[in-house]
Amino acid sequence: MTYLPRILRGFWGCTVLWGLGAGLPALAEEAPPSVNADGSPKLNYVLGAIVSNSPDYAGSSDRSTHLRPAWALEYGRFRLSTSRGSTLMGHGLEQRESGATAVLAESDRFNLSASLRYDSGRKGSNSPLLDGLPEVRSTVRARLSAGYAITPRWSVGAGLSQDILGRSGGAQLNTSVSYTLPVTQQTRVVFGAGASFGDRTYLRSRFGVPAVAGGAGAARLPAYEPGGGLYGVDLGVDVMTALNRHWVLWGGVGVSQVQSDARRSPLTVRPTGYSASVGLAYRCCR
């Protein structure tokens, strides 16, 4: 089976989205990108690390602590980053997808972007409960994201992603609303809430249990096939402060809860999960 048709459709979709972005002056007057004195785009980057503690997967009763790099490289409208890299660069405290991103339209109040990212999937080694279950295969996801600032402090956002390699990754939709509280000129706090949705394919890969006979892990769990729809909600508080011109400190705490069919899955042991993260990064040259 070849993935070429799906990849071509993905590139065609990005081309269409780029055309739509070019024709959005009625929605938002595009803001100029960061430029040098001669008018050429600046090369911006951020490099740091984040320590986080969270459940091993949504609904897991096991937890783990990780130290991960946080980085981003930006040139004009194009960005390559980890999920928190663009946050630390100064694009807002909402968590953005990692990968390669192209900004299609941007202004003080509206932004539209398209991206490709690597989804690492999930392995049975992530938790003893997953032992014997099929792995969630790694894939590449295409994502379209939009954000709108209702007021200087209130904003909403949404992102729709699709597995473009046909590896049972399905489609996923994330929505969010946030309130930004400037504490000082260098420090701001963001309160956020979000909801996550997935189609049947996505939910089955993450929360389904196939009917199998014998072996470990899956044999001890009843077969389960969830349907598509809402599968999670979350609340969070993030704080970011600029220590000086280049160094930035970030921290966040959050609570998430598995919902609907995903909550009824045998894999969901603890529906409510808590997470905490702290990071430090050096950024240049925004």
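The values are calculated or read from the model by the stated rules, or taken from the named source; none is laboratory data. None of these values were measured; they are calculated from a predicted model. Positions of Cβ are backbone-derived with ideal geometry, glycine not excepted, and every protein chain shown enters the neighbour counts.
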Next item on the list: Consider only pairs whose beta carbons are under 9 Å apart and that are at least six residues apart or on different chains; among these, list those whose first residue lies in the range 132-143 and is closer than 16 Å to LEU203 by Cα and whose second residue is among the β-branched types (Val, Ile, Thr) and buried (at least 17 other Cβ atoms within 10 Å of the Cβ).
Entry: LEU133/VAL209; THR139/ILE164; ARG141/ILE164
Next item on the list: Can you work out which of the residues in the range 240-267 that are at pLDDT below 95 and β-branched (Val, Ile, Thr) is surrounded by the most Cβ atoms within 10 Å (Cβ to Cβ)?
Entry: VAL248
Check: Pick from VAL209, VAL183: which is buried (at least 17 other Cβ atoms within 10 Å of the Cβ), at pLDDT 90 or above, more than 24 Å from the chain's Cα centre (by Cα) and not small (Gly, Ala, Ser)?
Finding: VAL209
Next item on the list: Among residues belonging to the range 63-105 that are at pLDDT below 95, part of a strand (DSSP E or B) and β-branched (Val, Ile, Thr), point out the one that is nearest to ALA276 (Cα to Cα).
Entry: THR101
Notebook entry, point to check: List the pairs whose first member sits in the range 168-185 and is of a type in the set (Asp, Glu), whose second member is modelled with pLDDT of 95 or more and outside any loop (DSSP other than H, G, I, E, B), and whose Cβ atoms are under 6 Å apart, counting only residues at least 6 apart or on separate chains?
Noted result: none
Checklist line | Every residue from the range 270-284 that is farther than 20 Å from ARG84 by Cα and in contact with a Leu (Cβ under 7 Å, 6 or more places away or on another chain) | finding: none
Note to self: I need the full set of residues from the range 186-212 which are free of Cβ contacts under 8 Å to residues at least 60 places away in the same chain, touching a Pro at 6+ places or on another chain (Cβ under 8 Å) and assigned to a helix (DSSP H, G or I), in order please.
What the structure shows: ARG200, LEU203, ARG204
Check: Which one is surrounded by the most Cβ atoms within 10 Å (Cβ to Cβ), of the residues in the range 40-56 that are under 13 Å from ARG68 (Cα atoms) and aliphatic (A, V, I, L, M)?
Finding: ILE50
Notebook entry, point to check: Can you name the residue in the range 138-157 that is in contact with a Gly (Cβ under 8 Å, 6 or more places away or on another chain) and surrounded by fewer than 17 Cβ atoms within 10 Å (Cβ to Cβ) and, of all such residues, is nearest to SER64 (Cα to Cα)?
Noted result: SER138
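Considering only residues that are of a type in the set (Lys, Arg) and assigned to a loop (DSSP other than H, G, I, E, B), look in the range 106-137 and name the one that is surrounded by the fewest Cβ atoms within 10 Å (Cβ to Cβ).
Looking at the filtered set, the residue picked out is LYS123.
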Margin query: With the requirement that a residue be among the small types (Gly, Ala, Ser) and not in a strand (DSSP E or B), what does the range 237-286 give you?
Written below: SER260, ALA262, SER265
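Can you tell me which of LEU165, LEU173 is part of a strand (DSSP E or B) and surrounded by fewer than 19 Cβ atoms within 10 Å (Cβ to Cβ)? Can you show your working first?
Numbers: LEU165 fails: part of a strand (DSSP E or B).
Checking each option against the conditions leaves just LEU173.
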Next item on the list: Answer with yes or no whether GLY170 is within 25 Å of SER275 (Cβ to Cβ) and out of contact with any helix residue (DSSP H, G or I) (no Cβ under 6 Å at 6 or more places or on another chain).
Entry: no
Notebook entry, point to check: Do we have VAL233 as among the β-branched types (Val, Ile, Thr), within 23 Å of the chain's Cα centre (by Cα) and surrounded by 21 or more Cβ atoms within 10 Å (Cβ to Cβ) here?
Noted result: no
